[in-house]
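Asks: One structure follows; several queries about it will come next.
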Amino acid sequence: MLPFDNLSSYRGALTSADRANVKRKRPTDLNAYELFLLATEKKHQLIREGVDESTPLLLQATEKDPGFSRAWTCLAWAYTLEAMWADDERPWREKAIAAAQRAVETDPSDGDAHPVLGHAVGELGDLVGAEAELNRALALNPSSADILTWYSSFAACFGKSEEEVATAERAIKLNPNFPNYANRDYAYAFFMGGRYESALQHRMRMPRKDWNRNDFVIIAGSYAQLGQVEEAHQVVSEALTKFPNLSIEGFALLKPGLGAGERERFTMTIRAAGFPACAPLSAFPTDSSINRLPECMQG
């Protein structure tokens, strides 16, 4: 397994490709551009402290130049990352949607703006909108390794589970020196495709102190499916220390933005890993039509 290096694919403030993309629509305020560069570098660290530092810098950049699409795109991704560590994800998801919408409005031809909007609306359950935005991104730039990476982690949501692994492998082939953020997307694609060893390989590259709920679930579930029960139980114990309310129902049934196949796979793997089964009744909407797990049914 390769050692984790936060900035291995982001030497300098931006990669040369990113610099070229930024220049395609130069911001009107040079200070906004400088803030964007600094914020991007911090966000790409993929640790909570870095993301926390990037958000106010990006807000300043968008205030200085409201038409700077790439700053809005980066801000939407920063909010998306913040949601992964938050107790309540929804406020961060809603902020991500608002920022992503501004990115698309200010530069509709920017292929990188559409995936973050698709990701943001998809996480709150609008899978039709998510697929439409990702398809727009692919139409604008069909050979982008980044866009293929983002699509690979959503293919299962769209009922296209046969595409997730193939799309991830194509993205890796296009960019073998992929940025570290892509490890989470590839891990998700391989996990949903039943490629648990590959899922572990990618997910374990993320720094352990910054694991979020998805990290713990995918790592523990992968260990369980590979028969490494002791390792799975250790990860579950660590997860419950950090996220004490994490449960099968809470993650696999109540989490918005999942397709039926994803819910089934998460239910199976989380159960095998040894996570608690039941979420509190208060976690379910009063008008919920969700079928609870049999062991969680009342009397």
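Asks: Given the pairs Lys64/Lys95; Lys42/Lys242; Lys160/Lys209; Lys43/Lys209, which are separated by over 21 angstrom at their Cα positions?
Replies: Details: Lys64/Lys95 19 Å; Lys42/Lys242 24 Å; Lys160/Lys209 33 Å; Lys43/Lys209 16 Å.
Too far apart for the 21 Å limit: Lys42/Lys242; Lys160/Lys209.
Asks: Same structure again: Taking θ = phi - 60°, what integer Hz values does the Karplus form 6.51 cos²θ - 1.76 cosθ + 1.60 yield along region 80-86, in sequence order, with x for Gly and Pro?
Replies: Computed from phi, the couplings for region 80-86 are 4, 5, 4, 4, 5, 9, 7 Hz.
Asks: Going toward the positive end of the dipole of the chain, with +1 on Lys and Arg Cβ and -1 on Asp and Glu Cβ, which of Ile248, Leu59, His233 do you reach last?
Replies: About the Cα centre, the residue reaching furthest to the positive side is Leu59.
Asks: Also, I was wondering about something else. Take the alpha carbon atoms of region 232-248, find their center, do the same for region 108-148, and report the distance between the two centers in whole angstrom.
Replies: Value for the Cα centre distance between the two parts: 32 Å.
Asks: Which residues make up the longest stretch of the chain that has no trypsin sites (Lys or Arg not before Pro) in a DSSP loop with at most 13 other Cβ atoms within 10 Å? Provide the component values of the computation, followed by the final result.
Replies: Values: sites that count: Arg11, Arg24.
My reading of the result: 25-299 is the longest stretch.
Asks: Same structure, new question: Which Cys in the chain stand alone, with every other cysteine's Cβ at 4.7 Å or more from theirs?
Replies: Taking the Cβ cut-off of 4.7 Å, the unpaired cysteines of the chain are Cys74, Cys157.
Asks: Can you tell me the dipole magnitude for the chain around its Cα centre, using point charges on the Cβ only (Lys, Arg +1; Asp, Glu -1), in Debye to the nearest 20?
Replies: Details: 32 positive and 40 negative charges, 94 e Å.
Dipole magnitude for the chain comes out near 460 debye.
Asks: Taking a label point 7 Å from the Cα of Glu238 along the Cα→Cβ vector, which residues of region 171-208 have an amide N closer than 12 Å to it?
Replies: Residues 204-208 fall inside that zone.
Asks: Suppose only helical runs count, i.e. DSSP H with n ≥ 4. What mean residue ellipticity at 222 nm does that imply for the chain under -39500 (n - 2.57) per run, divided by all residues and rounded to the nearest 500 deg cm²/dmol?
Replies: Values: 14 runs with 180 residues, N = 299.
Computed ellipticity for the chain at 222 nm equals -19000 deg cm²/dmol.
Asks: Could you check how much of the accessible area of region 115-218 is carbon and sulfur, as a whole percent, using a 1.4 Å probe?
Replies: Working: 1840 of 3670 Å².
For region 115-218, the apolar C and S fraction of the accessible surface comes to 50 percent.
Asks: Ignoring ligands, DNA and RNA, what accessible area per residue does the chain give at 1.4 Å, in Å²?
Replies: Working: 13170 Å² over 299 residues.
For the chain, the solvent-accessible area averages 44 Å² per residue.
Asks: Hey, if you put +1 on the Cβ of every Lys and Arg and -1 on every Asp and Glu Cβ in the chain, which of Ser161, Val217, Thr286 ends up farthest toward the positive end of that dipole?
Replies: Ser161
Asks: Right, another one. Only four residue types carry charge here, +1 at the Cβ of Lys and Arg and -1 at the Cβ of Asp and Glu. Report the dipole size of region 181-299 about the Cα centre in Debye, rounded to the nearest 20. Spell out each step's value before the answer.
Replies: Numbers: 13 positive and 12 negative charges, 46 e Å.
The dipole magnitude comes to about 220 debye.
Asks: Relative to the longest principal Cα axis of the chain, at what angle does helix 113-123 sit, 0 to 90 degrees, rounded to 10?
Replies: So the helix axis and the longest Cα principal axis differ by about 20 degrees.
Asks: Also, I was wondering about something else. What is the set of long-range amide H partners of Ala277 at a cut-off below 5 Å, with H atoms built 1.01 Å from backbone N?
Replies: Here Ile248 satisfy the definition.
Asks: Using the Karplus curve 6.51 cos²θ - 1.76 cosθ + 1.60 with θ = phi - 60°, what ³J(HN,Hα) values do you get for each residue of region 210-221, in whole Hz, with x for Gly and Pro?
Replies: 10, 5, 9, 4, 4, 4, 4, 5, 5, 5, 5, x
Asks: Please report the net charge: other residues with Cβ closer than 9 Å to the Cβ of Arg48, K and R +1, D and E -1. Display every interim value, and only then the final one.
Replies: Details: positive: Lys209; negative: Glu49, Asp52, Glu82, Asp210.
Result for the neighbourhood of Arg48: -3.
Asks: Also, quick follow-up: Note the angle between two axes, namely the Cα long axis of helix 127-140 and the longest principal axis of the Cα atoms of the chain, as a number of degrees from 0 to 90, rounded to the nearest 10.
Replies: 40
Asks: Calculate one ³J(HN,Hα) per residue across region 71-78 by plugging θ = phi - 60° into the Karplus curve 6.51 cos²θ - 1.76 cosθ + 1.60, and present them in order as whole Hz with x for glycine and proline.
Replies: Here the 3J(HN,Hα) series is 5, 5, 4, 5, 5, 4, 5, 4 Hz.
Asks: Identify, among Thr106, Met268, Gly257, the residue whose Cα sits farthest towards the positive end of the charge dipole of the chain, taking +1 on the Cβ of Lys and Arg and -1 on the Cβ of Asp and Glu, with the dipole about the Cα centre.
Replies: Result: Thr106, furthest along the dipole toward the positive end.
Asks: Is there a quick way to get the dipole size of region 57-162? I mean about its Cα centre, with the Cβ of Lys and Arg at +1 and of Asp and Glu at -1; what is the value in debye to the nearest 20? Walk me through the numbers on the way to the answer.
Replies: Working: 8 positive and 17 negative charges, 27 e Å.
Dipole about the Cα centre, nearest 20: 120 debye.
Asks: What angle, in degrees between 0 and 90 and rounded to the nearest 10, separates the Cα long axis of helix 90-106 from the longest principal axis of the Cα atoms of the chain?
Replies: In the chain, helix 90-106 runs at an angle near 30 degrees to the longest axis.
The values are calculated or read from the model by the stated rules, or taken from the named source; none is laboratory data. For clarity, every value in this text was computed on a predicted model and none was experimentally measured. A quick note on method: Cβ atoms are made from the backbone with ideal geometry, for glycine too, and the neighbour counts reach across all protein chains shown. Protein only, heavy atoms only, side chains kept; ligands, DNA and RNA dropped before computing areas. Shrake-Rupley method; radii C 1.70, N 1.55, O 1.52, S 1.80 Å.
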